[in-house]
Every structure is written in C-alpha cells, then in structure tokens.
1. Any chance you could get the radius of gyration and Dmax over the Cα atoms of segment 108-173, in Å?
2. Per the Kirkwood formula on distinct C-alpha pairs, the Rh of the chain is how many angstrom?
3. Obtain the nm distance between the two label points defined at Arg12 and Leu187 by a simple spin-label model: each point lies 7 Å from its Cα along the Cα-to-C-beta direction.
4. Taking the Cα centre of segment 77-229 as origin, work out the dipole magnitude from +1 charges on Lys and Arg Cβ and -1 charges on Asp and Glu Cβ, in debye rounded to 20.
5. By counting other Cβ atoms within 10 Å of each Cβ, how are Met117, Met95 ranked from fewest to most?
6. Let me check I've understood the local charge: for Glu189, count other residues with C-beta under 14 angstrom from its C-beta, Lys and Arg +1, Asp and Glu -1. What total comes out?
7. Of the candidates Leu35, Leu143, Leu86, which one comes out as most mobile in a Gaussian network treatment of the chain with C-alpha springs shorter than 10 Å?
8. Counting other beta carbons within 10 Å of each residue's own, what order do His102, His42 fall into, fewest first?
Amino acid sequence: MRLVSCDRYAARTPASIRARVTELLSRVGITDPALRARQFPHEISGGMCQRVLIAIALAGNPALLIADEPTTALDVTIQAQVLDLLAGLRREQGMSVLLITHDMGVAAQVADRILVMYAGSLVEVAPTAEFFAQPGHPYSLGLIQAVPRVDEARAKRLAAIPGAVPEARDRPAGCPFHPRCPLRLDLCEAQEPELSPAGSGLVACHRSDQVRSDGAVIWAGRTARAGQS
Ligand code: SF4
C-alpha cells in the first residue's frame, strides 16, 4: 500500500478522495466498492460493515491494528471471512494485529500469542499452542475447560467458573482472582502475584507450577453456575 501523509490528504480533491475510498473498500474485499462508498450503513450487511471498519483503520496505514471483537454477532461463515481478511492484510502489510475476543476458538485459530486479562490485570502471556496445551493460570484453564468440545463424549457437565468478575471499585486485595479460585492460599489473599516466567511465557499466579502440572483436575466436575460463590 502507498504511504500518504496527512498533508497530501489535505491537498486532495473530492475525486481523488473518492478514488482512495474506493481503493480501500476494494482492498478489504467489498464488491462494487464505488457503489458501496455511496451507501449508508443500514444499506449493507453486518459482515460488510466490519469490512468497512477495517478499511477505515487501514486508511492510516497502521503498524498495529487493534481489532476489538471484530467477529461478534457474525455468523460463522462471515466470521471466517473476516478472520481470513485480517490474516491476509497482516501478511501483506507487515502490520501487527491485536485481536480482542472472548471467543477461545477464534483466539486459537488466529493468534500467535495469547494474553489473558482478569479484572484489569494481565494474568498470563503464552504462545498459542502452549497456552491451550498447558495453561498456567487457573482462570485461563477455566476458560478453556468451559468450551464445549466436539471431539469428546458429553459424559459430564461443562466446567464453570463460579462467581463473577469484580467491579473495578471492588477489586479484592491480593490476587484479584482469589475469591473464585479453587487453589487459593492465605498468601493469595495477602499478596498479588507478579507476572513471572512459566514455560515459554509469563503467569501471575502463586501456584502456576501446580496449574501447569495438574491442570486437568482443578476445574473438572465443577458444576457451579455463574453468580454462585
Ligand atoms: S495466586 Fe492464588 S488465588 Fe490467584 S490464581 Fe493463583 S492460586 Fe488462585
């Protein structure tokens, strides 16, 4: 993509701006971009709206694209198309993409590295394959085990993490996850763990070694529903 400075944009004519808009819409795979450029958002589909947003973000030729829930409310076919588009643009432009998602399947599919946040804090950073094979934080493990699997028999209920994420003003002392954590110690209530090396990544947990070695049993068989403590 050609770099265009703000000064050069200021000197552009309406016709050249229209051409640039059409080029960007075409770049994100919108068919008949000249027509779409003249339409209102309610005249195009949800998937196309996402593509337009990505085109707007690309207009500044970013080194980092922050995509916040780019696939929310899209059906799986359109979701796959949007993720393919982001992956292709990332390769072509050599930019980084910070994808924010609650969908573990999407994260597993597209991310090189996973960062997990809880109550405003980063609690785990790991390469994707290692994260899903051997998470080091109980919260990460609970999220993974709460995802239904098509390759396993439905012999038991899905694991669930009891309780809810605290409001920012009610953040507990010590480890912010301790009221919900089945592994908590007295130390956890007194001292917030720092991000420390674990495997190839970082984990903020006083018991990350145990989570990484015994993880499968920590949430197994739990049936508490959200809202219970
Ligand atoms: S520090 Fe303690 S309470 Fe926090 S996640 Fe680790 S084991 Fe659980």
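What follows draws every value from the coordinates through simple rules; no lab data is involved. The structure displayed is predicted, hence computed values, not measured ones. Cβ placement follows ideal geometry from the backbone for every residue including glycine, while neighbour counts extend to all protein chains displayed.
1. Every Cα atom of segment 108-173 included, Rg and Dmax give 13.8, 41 Å.
2. Numbers: mean 1/r = 0.0490 Å⁻¹.
Hydrodynamic radius (Kirkwood, Cα only) of the chain equals 20.4 Å.
3. Label at Arg12, label at Leu187, 5.7 nm between them.
4. That gives a dipole near 460 debye.
5. By the 10 Å Cβ count, ascending, the order reads Met117, Met95.
6. On the way: positive: Arg171, Arg180, Arg184, Arg207; negative: Asp186, Glu192.
Net charge in that neighbourhood comes out at +2.
7. Residue with maximal mean-square fluctuation among Leu35, Leu143, Leu86: Leu35.
8. By the 10 Å Cβ count, ascending: His42, His102.
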